[in-house]
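Only one structure is covered here, and it is reproduced in the block below.
The values are calculated or read from the model by the stated rules, or taken from the named source; none is laboratory data. Since we're looking at a predicted model, the values are computed, not measured. Cβ coordinates were reconstructed from backbone atoms using ideal geometry, including for glycine residues, and neighbour counts include every protein chain displayed.
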Amino acid sequence: MIVALVRVKRAAEILGVSEDTVRRWAESGRCAIEADSAGRASISGEQLARLSQERSAASNGVDKPAALESVRNRFTGVVIDVVRDTVMAQVVVQAGPHRFVSLISREACDELELEVGSIVLTAVKATNVSIELPGP
């Protein structure tokens, strides 16, 4: 299985903390920093998912106003669970204090190669939640 690596800078943005905070967490053993293929400091997608869930639980459900998160109802987050069956897939995304559940086709889930730790954009429109991959 390929382990998704996320640069420390990007992980900090997703978690809503500074890069220094992520580095302090690594120094204290809360997460591990490793070098990606280009030698840049990174953490695994699984660790990012765990840290994101921990931060959400610590917020006690207190949300920031949506205008501070996304003026166009798009939330960058990390996949924390994927359940596939023969036709459909359920994808759970943690985006800061927000948890989104999306039902998409199994085919789309496989094409996007979604797995725990994948960084995604969650676009919300009415009752539909779609999953997109962020640009470089």
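Before moving on, here are some points about what is shown:
- Any hit, segment 109-122, residues being out of contact with any Cys (no Cβ under 9 Å at 6 or more places or on another chain) and small (Gly, Ala, Ser): yes
- Looking only at segment 23-47, residues that are at pLDDT 90 or above and closer than 16 Å to residue 77 by Cα come to 3 in all.
- Given (1) closer than 25 Å to residue 17 by Cα; (2) modelled with pLDDT under 80, index of the condition residue 126 fails: (1)
- Answer from 97, 65 - the residue that is surrounded by fewer than 12 Cβ atoms within 10 Å (Cβ to Cβ) and modelled with pLDDT under 90: 65
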